Amino acid sequence: MPDAHVSTLTTPPPAAATATVALTDQLQRWLAEAGSMLQPPAPNQLYARVDDPASLLALAAHLRAAQCFLVTVVANDERELEDGWFKIYYLFSCADVDLFMLVEHRLAHASERYPSLYAVFPAVDPFEREMVDLFGLRPEGERSAQVPSGGWLHAAYPPALHPLRRDRTTAYLKQQVQAYYVKPARSRPVPANAPLPAGFMRLVAGPIHAGIIEPGRFVFRTAGEVIDDLELELGYTHRGIERLFQARMTLANGWQLAEQVSGDTSFGHSLGYCLAAEALAGVEVSQPAQVLRGLCLELERLHNHVGDTAQLAHDVAQELLASELAVVREQLLRLNAALCGHRYLRGVNRPGGVVLPAPFDAVSTGVVVQRCVRRYADLADALAANGAFRERTKAVGWLSRPEALALGVTGLPARAAGLARDFRYLHPNGIYRAGWIQAGLQAATAGVAPDDRVEARQGDVFARFWQRKLEVDASAQLVGTLLDHWLADEPLRGADGGPVDLLRPVRFDPARNFTFALGYCEGWRGDIVYWLMQDKLGRIFRCKVRDPSLLNWPALRQSLLPRLKDGRRHETILADFPVVNKSFNLSYAGHDL
Amino acid sequence: MGSKYSFIRLTIGRLYTLWGRGLHTEAPPVRAKAQSLFLRHVDGGSSNICEQELVALESPIYDLPAYGIHFVASPRHADLLVVTGPLTWNMLDPLSAAFAVMPDPKRIVAIGPFLGVPIGDAGDNLLAAGRPTGAGRPKTTATSDLVAVFEDSYATLPLPPLLADTCVAVLADDPPTPQALLQALLELGDPT
């Protein structure tokens, strides 16, 4: 019954209340008031161009009041295009409805300053720092002093390199960087440290840390053991990926570079990229490919959550449990290798579908996943019941719900702080749009015990651990549902034996040159968003990669600050920092690109 | 670490390997060691995938410490610097500083798509003599293509000569499996 498959895919989730329609209308009205409405790239998006700074700020205030989230900010050098100057695209997401708001702002002509939304959306901070280094665009007014340069391009780079501007070639950039470094009498600007009050100390940790971990520099201001503030200096793994998308990759093979952004999220990033490329080409992949994509996304979630739990146990010296959890993770990685030939699910996604090198054995995949998840559940329960673990993790590294909302935190840390932020529910695409998957997700959520739910939303280290455990359970159920669906449907299984090739032809129409599209999915850390603009000859004009870690690093800092909790002073000591950092487990490479 | 415990550890490791029923069920070769090997890992700018495999080496299945090979917290305690790449300009100075404080004799193992180092067929480790070695296995990533992509970037660079000269092994796969890593580390021999 092939038609039944089509209908389950295109049937939207159960009709939302009339309040949703009212909200959509209101958003549309605000956008139309602020600027001119444009044709959005996809049906679940509203798109407006707002050039007037005052209107932009007013619109941002409206969106904030409507509890919208800032998803990504894309700066684009469009000086060679129709509008002739730099533009910034803001992407907002509605909290309750599957609706995105795209706001395009063209900077005032010949001005490299733009109105900052920081007062309304503090979440723009990392994006503004990125824009200073990579484009040389600064916010107007006093905000500019709060946005230092050098976050992504450290002292080794010449000043004013601005590598994402299109008026210099990649070879020129490379030559400039090499020339600057070998210059014999170079003087590097030494940042002046602010004087410390009496009794405070500055402790610098990094960029090389004691364990096997990515590089980042943490500058603590401590009063004895208590952390008073934390400055994060990242950017050490900046590989120039966005420039490479423009210079080296084409729309058809850009997924190979997307996989390199953050290795443990290879599949999530390649999926985000492929969805953006497919949106540009106007292609929707076949249902079997969507099922496999959903399966791999959940497998990636599973192995990373298990690994994180193992590392968390290791950090609190529960070595026996850590070792056993590491074994479970190894089994999941071997399952990935058996499924697609790569332990981290690389090489599966293409624009147009998926490719597997070997026949897909749904039965044994299901058996291994259920066995591993059962083992993980036992170990996680043992860890949760362990008194020493609870002492180290309860009420430690606490991030409250209002703070998470204010900072625009997304993904797992947001869910662990009580925010319902999950693109699988909120902005479903692919197989997640199918009614039976949404029903599965609802059932998984409903099946959680109330005590578990409360513990997983406290915002502390234990909550981020327990949220992982609940997500592993939910993912296991989803995997079971997907595999049952695969086995039950004859048309899905296709020919047995031989590699799996579920590709639809993808052609990039030159008429869509210099238009853009979005691709997004809920990776295991949070939502991954790709903004992709098509260039001539099937190349990429601009690819903005947004890993959820970019938004969540400020949350790590916030969770360490001393402040009041329930009327008492809540402090974090230096010795708890590794556990808190591990509980967030943010991607350095995904932040630095 | 007495020899009576290594037998038990190896047996447990083999039992875990059998329980896994994964692709590779043979235990890595055991070698008699006169000295332990101390590794310091530095991420030179990788996509964090090689770090995942290095962490897996300390799990009970691969059990790196059973062979007397340990990751240490400071380069001052290390014999071998394990660098994952490609190397970025921002990590050049920290990496050079870490290498500088390592006591002699010191060597480097480069893991990942480094620029400017020789790459054989995927899955091979190249020892300093230029002789390819290690178990061959099917190519999973076009590592040479990846290196070619990163060569164009303004943000990456080859290993500086001081570090490249002491490089005793290159595992160019992205990432090399823990088996390949273990094989390479066991075949390195005594760095002195």
Subject >> For segment A:71-85 versus segment A:531-556, the gap between their alpha-carbon centres in whole angstrom >> reply: 13
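Please give the per residue volume of the convex hull enclosing the alpha carbon atoms of segment A:241-592, rounded to a whole number of Å³. The partial results should precede the final answer.
On the way: hull volume 45.3 nm³, N = 352.
Convex hull of Cα atoms, per residue: 129 Å³.
Roughly what percent of Cα-Cα pairs across segment A:405-512 reach past 20 Å? Mind showing how you got there, number by number?
Values: 3180 of 5778 pairs.
Value for segment A:405-512: 55 percent of Cα pairs lie more than 20 Å apart.
If I take R0 = 45 Å and measure r between the Cβ atoms of A:R504 and A:A22 in this structure, what FRET efficiency does the formula 1/(1 + (r/R0)^6) give, to the nearest 0.05? Working shown, then result.
Numbers: r = 38 Å, r/R0 = 0.84.
For R0 = 45 Å, the calculated efficiency reads 0.75.
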Subject >> Percent of Cα-Cα distances greater than 24 Å, calculated over segment A:478-593 >> reply: 60
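Per residue of A:236-249, how many C-beta atoms from partner chains lie within 10 Å of its own C-beta, taken as a mean?
Details: counts 10, 12, 9, 15, 8, 5, 0, 4, 7, 0, 0, 4, 7, 1.
Mean number of neighbouring Cβ atoms from other chains: 6.
Semi-axes of segment A:283-391's equivalent ellipsoid from the Cα gyration tensor, sqrt of 5 times each eigenvalue, largest first, rounded to whole Å?
Numbers: eigenvalues 200, 32, 27 Å².
Semi-axes, largest first: 32, 13, 12 Å.
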Original post:
Once you put a point 7 Å from the Cα of A:L203 and another 7 Å from the Cα of A:Y172, both along the Cβ direction, what distance in nm separates them?
Top reply: 4.7
**OP:** Would you list the P(r) distribution for segment A:37-107, with all Cα-Cα distances sorted into 10 Å bins from 0 and each bin expressed as a whole %?
**Re:** 20, 52, 24, 4
Original post:
What does the charge dipole of segment A:241-592 about its Cα centre add up to, to the nearest 20 debye, if the Cβ of each Lys and Arg holds +1 and the Cβ of each Asp and Glu holds -1?
Top reply: 900
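Taking the Cα centre as origin and putting +1 on Lys and Arg beta-carbons and -1 on Asp and Glu beta-carbons, what dipole magnitude results for segment A:102-252, to the nearest 20 debye?
On the way: 18 positive and 16 negative charges, 170 e Å.
With Lys and Arg at +1 and Asp and Glu at -1, about 820 debye.
Sum up the charges of everything whose Cβ sits under 15 Å from the Cβ of A:F200, counting Lys and Arg as +1 and Asp and Glu as -1, but leave A:F200 out.
On the way: positive: A:R202, A:R221; negative: A:E225, A:D228, A:D229, A:E231, A:E571.
After counting each charged neighbour, the total is -3.
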Original post:
Can you give the direction-averaged projected area of the convex hull of the alpha-carbon atoms in segment A:228-344, in nm²?
Top reply: 10.3
Original post:
Can you give the three extents of the C-alpha atoms in segment B:34-108 along their principal axes, from longest to shortest, in whole Å?
Top reply: 36, 29, 16
Subject >> Counted charge near B:T88, where neighbours are those whose Cβ lies closer than 12 Å (Asp, Glu -1; Lys, Arg +1) >> reply: -3
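Could you give the dipole magnitude of chain A about its Cα centre, charging the beta-carbon of Lys and Arg +1 and that of Asp and Glu -1, in debye to the nearest 20?
Values: 62 positive and 65 negative charges, 252 e Å.
Roughly 1200 debye, rounded to the nearest 20.
If we count every other residue with Cβ under 11 angstrom of A:A108's Cβ, Lys/Arg +1 and Asp/Glu -1, where does the sum land? Don't skip to the end; give the middle numbers.
Numbers: positive: A:R106, A:R113; negative: A:D51, A:D52, A:E112, A:E140.
Charge balance in the 11 Å sphere: -2.
Let me confirm one metric for peptide A:329-336, namely the mean number of other chain beta-carbon atoms within 10 Å of its residues' beta-carbons.
5
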**OP:** Diagonalise the Cα gyration tensor of segment A:31-175 and give the resulting equivalent ellipsoid semi-axes, square root of 5 times each eigenvalue, largest first, whole Å.
**Re:** 27, 17, 14
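In units of 2.2 N^0.38 Å, what is the alpha-carbon radius of gyration of segment A:104-149? Each step should come with its number before you reach the end.
Details: Rg = 9.9 Å, N = 46, 2.2 N^0.38 = 9.4 Å.
Here the answer is 1.05, to two decimals.
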Subject >> Among A:A358, A:A443, A:A258 - extreme Cα towards positive end, dipole of the protein assembly as shown, charges at beta-carbon >> reply: A:A258
Subject >> Cα pair distances in segment A:220-290, grouped into 5 Å bins until the bin that holds the longest one, percent each >> reply: 3, 14, 16, 18, 12, 8, 7, 7, 6, 5, 3, 1
Original post:
Kirkwood-based Rg over Rh for the protein assembly as shown (C-alpha set), two decimals?
Top reply: 0.94
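Determine, for each peptide in A:198-204, A:425-431, the mean count of other beta carbons within 10 angstrom over its residues, then list the peptides with the highest first. If you can, show how the numbers build up before the last one.
Details: A:198-204: 11.1, A:425-431: 21.3.
Highest to lowest by the protection proxy: A:425-431, A:198-204.
With each run of n ≥ 4 DSSP H residues scored as -39500 (n - 2.57), what mean residue ellipticity at 222 nm is computed for chain A after dividing by its residue count and rounding to the nearest 500 deg cm²/dmol? Intermediate values should be presented prior to the final figure.
Numbers: 22 runs with 262 residues, N = 593.
Taking each H run of at least 4 residues, the total per residue is -13500 deg cm²/dmol.
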Subject >> Lysine pair number, Cα distance threshold 24 Å (strictly under), the protein assembly as shown, separation 8 or more or different chains >> reply: 13
Original post:
Considering the dipole of chain A built from charges on the beta carbon (Lys and Arg +1, Asp and Glu -1) around the Cα centre, which of A:V316, A:L81, A:V97 is farthest to its positive end?
Top reply: A:L81
**OP:** Would you be so kind as to identify which of A:S55, A:A160, A:V147 lies farthest towards the positive end of the dipole of segment A:31-175, taking Lys and Arg as +1 and Asp and Glu as -1 on Cβ and the Cα centre as origin?
**Re:** A:A160
**OP:** Work out how much length A:S144 to A:A575 would gain on full extension: take 0.36 nm times their residue separation and subtract the Cα-Cα distance, in nm to one decimal.
**Re:** 151.7 nm
Original post:
Order of B:Y67, A:Y530, A:Y118 from fewest to most other C-beta atoms within 10 Å?
Top reply: A:Y118, B:Y67, A:Y530
Original post:
Going by average Cβ neighbours within 10 Å, how do the peptides A:573-583, B:92-102 rank, with the highest at the top?
Top reply: A:573-583, B:92-102
**OP:** Please give the average number of partner chain Cβ atoms lying within 10 Å of the Cβ of each residue in A:393-405, rounded to a whole number.
**Re:** 0
**OP:** Scan chain A and report its longest stretch carrying no GluC sites (Glu not before Pro) that are both in a DSSP loop and have at most 10 other Cβ atoms within 10 Å.
**Re:** A:83-593
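The numbers here are math on the coordinates, done by the rules we state, and not lab data. From a predicted model like this one, the values you see are computed outputs, not experimental measurements. Ideal geometry is used to build each Cβ from the backbone, glycine not excepted, and the neighbour counts take in all protein chains shown.
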